[in-house]
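Worksheet for the structure shown next.
The values are calculated or read from the model by the stated rules, or taken from the named source; none is laboratory data. Since the model is a prediction, treat every value here as computed from it, not as a measurement. Glycine also receives a Cβ, built like all others from the backbone with ideal geometry; neighbour counts cover every protein chain displayed.
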Amino acid sequence: MTERLSDRIFEYLQAAVGREVNLRDIRVFLKIEPGSKDDQNLRTQMATTMISRRVVKPSGRGDGIYKVIVPIEPIAWSLDGDDREGILDFRFPRSYIDDTTFGLEDLVEIFAGDMILLDGRTNFGKSAIAYSILGENLDLLLSILMGNELTTSKLEITPKLKRRLRRMFWAKWMGEDGKPRFDILPVGVDYEEYIRRDYLNVVDWITLPGEYWLIDSVLKAMKDRVGKGILVAVLQKGKDSEYAEGGERTQRHADLELRIDSYGENESVLTVARVKSPKGKNPVGRKWAFDITDYGANLENIREVVRCGECWGKGWKNNRPCANCHKIGYIDKKFKEEQ
């Protein structure tokens, strides 16, 4: 019995789910002569039948290109379990030099499958925060660190990274067998392809030269593949920019966003920019200043800072540098409470 053309088309499309197809390639694969009766039938099937069956959708440009739709079925769900389901005992960076801390564990909840976005200026602590998160959670999840500046041209760990990890004396990078407790992947493109399901995936850092308009779809694809793990994505941010490279779209899929900027002359400041699951009052906008020591390996002197009450965060008062905050615009919270 001769197979119907519609069945042959459908079979071809099932092998291309999630991708774009075009009439020319379909004709070649099915050995259809251009201008023939089957060619006209193909056009009709694609433009009507396959669209009405929600198998494809046209590009909208009249160019014979169609996107093959990924079939999605309703999920089976219930209200079994309790309110702690999915919440991880996630640990955030702290100082092992002077025992100061951001206290983020008391402010936010981290669920399996969440994405933590770290964005900030170069050399102000993004990697220090990312590697601290990695070191703090080695006992919680299997882990992987990926990026394009982690290895040499010979695919060996860089001396700079090795020194940083050694100086993080508090982190147990090696197991009892003497082998590393996390993997390093030298990845600079197609980040979503290397995400490991159910792992803590730390990506330092994501770059999309000339294609930053794709950042939200790239981050979404990475997050979709993390399963019950966690994605920590590091992005660069310009000196006076509010958002990371890619603009506001960078934060669309973030469950927690932490921004890192300069503070005063030699310090950094971490700002909570986005929280989807706060514990109690939402901490968005709260800031902590800190020092980075040991060649970027450790944190020190972490303390919350608040807007200066004399200059209201401007750093200037009566056309002069504010004497209360030394032109920073913020002061230590404990000092303001003492005033």
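Please list, ordered by residue number, the strands (runs of 3 or more DSSP E) wholly in the range 168-245 having 3 or more residues that are farther than 18 Å from ALA273 by Cβ, modelled with pLDDT of 95 or more and assigned by TED's automatic domain parsing to the domain that holds ILE116. I'd like the intermediate steps shown before the answer.
On the way: elements: 182-186, 200-203, 230-236.
Counting at least 3 such residues, we get 182-186, 200-203.
Among the residues of the range 246-261, write down those that are at pLDDT 85 or above and surrounded by 17 or more Cβ atoms within 10 Å (Cβ to Cβ).
In the first step, residues of the range 246-261 are kept if they are at pLDDT 85 or above; the result is 250-261.
Listed by number, the residues that qualify are THR250, GLN251, HIS253, ALA254, ASP255, LEU256, GLU257, LEU258, ARG259, ILE260, ASP261.
Being of a type in the set (D, E, K, R), modelled with pLDDT of 90 or more and closer than 18 Å to ILE133 by Cα is true for just one of GLU304, GLU310, GLU300, GLU267. Which residue is that?
Working: GLU304 fails: closer than 18 Å to ILE133 by Cα; GLU310 fails: closer than 18 Å to ILE133 by Cα; GLU267 fails: closer than 18 Å to ILE133 by Cα.
Testing whether each residue is of a type in the set (D, E, K, R), modelled with pLDDT of 90 or more and closer than 18 Å to ILE133 by Cα leaves just GLU300.
With the structure loaded, tell me whether ASP139 is charged (D, E, K, R) and more than 16 Å from the chain's Cα centre (by Cα) or whether it fails that test. Break it down into steps so the answer makes sense when it comes.
Numbers: charged (D, E, K, R): yes; more than 16 Å from the chain's Cα centre (by Cα): yes.
Judged against the criteria, ASP139 is a match.
List every residue pair whose Cβ atoms lie under 9 Å apart, where the two residues are 6 or more positions apart in sequence or sit on different chains, the first residue falls within the range 264-278 and is on the phi < 0 side of the Ramachandran plot and in a strand (DSSP E or B), and the second residue, located anywhere, is modelled with pLDDT of 95 or more and polar (S, T, N, Q).
Short answer, once both residue conditions are applied: GLU267/ASN301; VAL272/ASN282; VAL275/ASN282.
Residue check: is THR271 more than 30 Å from GLY18 (Cβ to Cβ) and either polar (S, T, N, Q) or within 10 Å of the chain's Cα centre (by Cα) (or both)?
In short, yes.
All but one of (1) within 20 Å of ASP255 (Cβ to Cβ); (2) out of contact with any Gly (no Cβ under 6 Å at 6 or more places or on another chain); (3) free of Cβ contacts under 8 Å to residues at least 60 places away in the same chain hold for ASN137, so report the exception by its number.
(3)
Regarding the range 59-81, can at least one residue be identified that is within 19 Å of the chain's Cα centre (by Cα), more than 21 Å from TRP173 (Cβ to Cβ) and among the aliphatic types (A, V, I, L, M)?
no
Which of the residues spanning the range 278-314 are of a type in the set (Val, Ile, Thr) and over 20 Å from LYS334 (Cα atoms)?
ILE292, THR293
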